[in-house]
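J.: What follows is a structure written as structure tokens; I'll ask about it next.
The values are calculated or read from the model by the stated rules, or taken from the named source; none is laboratory data. In this text, all values refer to a predicted model and were calculated from it rather than measured experimentally. In this analysis, Cβ positions are derived from the backbone assuming ideal geometry, glycine residues included, and neighbour counts consider all displayed protein chains.
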Amino acid sequence: MLERRQPSLLQRFSILLILCSIVATPEAAKLSPSPDATALLGFQYKADLRNHLGFSQNASSHFCDWQGVTCYQQKVVRLIIEDLDLGGIFAPNTLSHLDQLRVLSLQNDSLTGPIPDLSGLINLKTLFLDRNFFTGSFPRSILSLHRIRTLDLSYNNLSDPIPSSLASLDRLYYLRLDSNRFNGTIPSLNQSSLKTFNISGNNLTGAIPVTPTLLRFGFSSFSWNPGLCGEIIHKECHPRPHFFGPTAAVVGPPPTVTLGQSAEVHGVELAQPSSKKHKRTAVIIGFSTGFFVLVGSLLCFVMALRKQKDKKQSTAETESDDAAATAQAAAVIQMEQENELEEKVKRVQGMQDSKSGNLTFCAGEAHLYTLDQLMRASAELLGRGTMGTTYKAVLDNRLIVTVKRLDAGKLAGTTKETFEQHMESVGGLKHPNLVPLRAYFQAKEERLLIYDYQPNGSLFSLIHGSKSTRAKPLHWTSCLKIAEDVAQGLSYIHQAWRLVHGNLKSSNVLLGPDFEACISDYCLAAIVTSAPEHDPDTIACKPPETRNSNHQTTSKSDVYAFGVLLLELLTGKPPSHHPFFAPDEMMHWLRSSREDDGGDDERLGMLLEVAIACSLSSPEQRPTMWQVLKMLQGIKEAVSTEDGELDPHSGIS
């Protein structure tokens, strides 16, 4: 497991100074170190991996004079630590001990992990934790901070539903939860004090509650949530059709599939009844005539019933034959696919080396299946790539996983110990935009990686369609959403773990259940032996400095590949078809590739500038992925502001 960077000697010395000051003099022995200073040093110890804060308690420095600290009567009342790229975690039982703190801002500090319990900040009024890499659920401890007026958790990776008890914070003036991964429904917020509000860019669903407070905010406060509906955003909430019973029907055209919705739409369509009614007038001339008419009608009715029964029986037999033929064909295909995987890995079951033959789960992963269950799984070939062959495996407990069989030839120089150590590091990467590595296996030359199965295919398929369908370029909003997802994942790999993807391309970006973009095959380039590439698209994703040499891939190599990926998103053209235009000619080429987005030239142009900056031939001139992510988030915020959103810092003192 890759360990976090240890605290510097200066940080350790600062903590020791506090302890030594207790016993330095008889008078000091009677005193205890300031709890506020201890809280600040404890925060620095875990959060500041790059020594940017410089907190140090000594004779010439009081904690109230430290960077970003404001005190009143020797108690910290404001702590503003922004834009410092700290890179660590917000450790529990540190800043939460600042019981007189009124303002806390940790904006744009690259902090990771969950937000700790903040219930000790009983006097807190303003909290800015936006633009970090925080994960986990909405921090419920904030709900106990009844003096809170300003709360900003935007641009993180928080998930799960927003708690309904958020409506109990009756002093809220400013609330931003946008650009996270919250799901579920919107709470019925009705605080009359609320003036700034944004929950856009999440996975929220259902009808927006119609409250006097929420009615004050426009569309931009709720945008980028495809599943939302209701009066406020002028989108009617259509109930899903029921597929059980004789009344099932679909009224109107089927729904349009958009990014963030399931690509599989089922519907039942019944013939509409005719509105014409035919009236018949029977004139009874006599008893005998009426009798014959009645008998004739009965005979016709019986014959019609018999004919209909014969027709149904014939149709059922035909459908049964067709279904049997289809099932037989599917069984043959399934058998071929199963045989293929079994042939590939059957040697593994007979391995005598029990130590190397074990299925190893990554740290913290639940042991949901055994090696024997994995080998017995039914398999479906998903594709063959640069690193190896990938299968979809359905286990006997109905769990579906993705199994990647690495190419033994490219791992010839990797020892068992090196492979195990590297996979432990890769398995420690946990981020919503990375396909999780759950387990791995190695025995002699056989090496398997087990990932979560992603149901909606690859980004390559989304951009380029299938052999039978021709896809058109994605809407610019989808391009921005996918680009931001990928940038989030790459930034996490680069910033928090100092690793490199090394093989980024659209076929290695998969789409999760909510169509979030998730990076796969990450960090494998470090353990494989590079070989000459023959695929023109793969070659086009490589930066100039690594194409014709054994130059090791770096984070700037990933940035270049990201730029190529962004151009692929914008134009719908594969990487090998990207021309080498001058920057001023690129916009003309982009416009010619998109026939229906003439009104979005300015927004497409902003994304194009990011792609060009990433694709510069000189590695030194390319931005970092963290800078790229900030560019994309800036574009998103600029567009939202242009569409009527309030300035995110308005009303803040």
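J.: Find the strands (runs of 3 or more DSSP E) located wholly in region 357-403 whose residues include 3 or more that are of a type outside the set (D, E) and under 18 Å from L434 (Cβ atoms), and list them.
T.: Numbers: elements: 359-361, 378-384, 388-394.
Once the strands (runs of 3 or more DSSP E) in region 357-403 are filtered for at least 3 residues that are of a type outside the set (D, E) and under 18 Å from L434 (Cβ atoms), nothing remains.
J.: Is it true that some residue in region 474-489 is in contact with a Cys (Cβ under 9 Å, 6 or more places away or on another chain), in a strand (DSSP E or B) and on the phi < 0 side of the Ramachandran plot?
T.: Within region 474-489, not a single residue is in contact with a Cys (Cβ under 9 Å, 6 or more places away or on another chain), in a strand (DSSP E or B) and on the phi < 0 side of the Ramachandran plot.
J.: Determine the pairs where a residue that is not assigned by TED's automatic domain parsing to the domain that holds L86, located within region 473-498, has a partner that is of a type in the set (D, E) with Cβ atoms under 6 Å apart, the partner being 6 or more residues away or on another chain.
T.: Between residues of region 473-498 that are not assigned by TED's automatic domain parsing to the domain that holds L86 and residues that are of a type in the set (D, E), the close pairs are W476/D600; D485/E516; L490/D558.
J.: Within the set of pairs 6+ apart or on separate chains, which have a first residue in region 108-134 that is in contact (Cβ under 8 Å) with a residue 24 or more places away in the chain, a second that is in a strand (DSSP E or B) and among the basic types (K, R), and C-beta atoms under 7 Å apart?
T.: Cβ pairs passing all conditions: D130/R176.
Matching residues to (1) part of a loop (DSSP other than H, G, I, E, B); (2) buried (at least 16 other Cβ atoms within 10 Å of the Cβ):
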| position | (1), (2) |
| --- | --- |
| D178 | yes, yes |
| N183 | no, yes |
| S188 | yes, no |
| V210 | yes, no |
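J.: Looking at L143, L101, can you tell me which residue is buried (at least 21 other Cβ atoms within 10 Å of the Cβ) and among the hydrophobic types (A, V, I, L, M, F, W, C)?
T.: L101
J.: Right, something else. Is it the case that S193 is in contact with a Lys or Arg (Cβ under 8 Å, 6 or more places away or on another chain) and within 28 Å of P116 (Cβ to Cβ)?
T.: yes
J.: Inspect all residues belonging to region 150-160 and state whether any of them is in a strand (DSSP E or B), among the acidic types (D, E) and modelled with pLDDT of 95 or more.
T.: yes
J.: When region 92-141 is examined, which residues are found to be outside any strand (DSSP E or B), over 24 Å from R50 (Cα atoms) and among the polar types (S, T, N, Q)?
T.: Q100, S119, N123, S141
J.: Report yes if K430 is not assigned by TED's automatic domain parsing to the domain that holds L629 and not polar (S, T, N, Q), otherwise no.
T.: Numbers: not assigned by TED's automatic domain parsing to the domain that holds L629: yes; not polar (S, T, N, Q): yes.
When the stated conditions are applied, K430 passes them.
J.: Given (1) surrounded by 20 or more Cβ atoms within 10 Å (Cβ to Cβ); (2) not in a loop (DSSP other than H, G, I, E, B), identify the lone condition not met by H501.
T.: (2)
J.: Right, next: Across region 64-86, what is the total count of residues that are buried (at least 22 other Cβ atoms within 10 Å of the Cβ) and part of a strand (DSSP E or B)?
T.: Matching residues across region 64-86 total 2.
J.: Report whether or not R171 is at pLDDT 95 or above and not small (G, A, S).
T.: Against the criterion (at pLDDT 95 or above and not small (G, A, S)), R171 does not qualify.
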